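The values are calculated or read from the model by the stated rules, or taken from the named source; none is laboratory data. Model, not experiment: these values are computed from the prediction. We place every Cβ from the backbone using ideal geometry, glycine too, and count neighbours over all the protein chains shown. Heavy atoms of the whole protein, side chains included, go into the accessibility calculation; ligands, DNA and RNA do not. Shrake-Rupley method; radii C 1.70, N 1.55, O 1.52, S 1.80 Å.
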Amino acid sequence: RRIDHDERWGTLYRREMPDDEPLVMIEVINRSPEPDGSYRHYTLRVPPTCTTSLEAVAWTFDMPAAEYAKLGAES
């Protein structure tokens, strides 16, 4: 199920798994266009402790969410 969405960071999904930890994935869009002008979507697994899209994307860069958000604000 979709648990968070932010245009800047992506969409966070969570699926409960019987007898295992939840599967949590962030869907992001590559901001660099492909030769045909399309944009590739990627889905990355993140820890089940992630509850926001920002937190999930920041985790992929081994950064706290607040620090990563500051980098996004600079661009």
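For the pair Glu21 and Arg8, label points projected 7 Å from Cα toward Cβ lie 2.7 nm apart. Note on region 51-68 and region 1-31: Cα centroid distance 13 Å, given to the nearest whole angstrom. Note on Thr43 and Ala66: with the Förster distance fixed at 22 Å, the Cβ-Cβ geometry gives a FRET efficiency of about 0.35. Mind pulling the angle between the C-alpha long axis of helix 65-74 and the longest principal axis of the chain? Nearest 10 degrees, somewhere in 0 to 90. For 65-74 against the chain, the angle is about 10 degrees. With all projection directions averaged, the alpha carbon convex hull of the chain covers 5.7 nm².
3J(HN,Hα) along region 57-62: 5, 4, 4, 5, 9, 6 Hz, from the Karplus curve 6.51 cos²θ - 1.76 cosθ + 1.60 with θ = phi - 60°, whole Hz, x for Gly and Pro. Rolling a 1.4 Å probe across the protein heavy atoms gives the chain an accessible surface of 73 Å² per residue.
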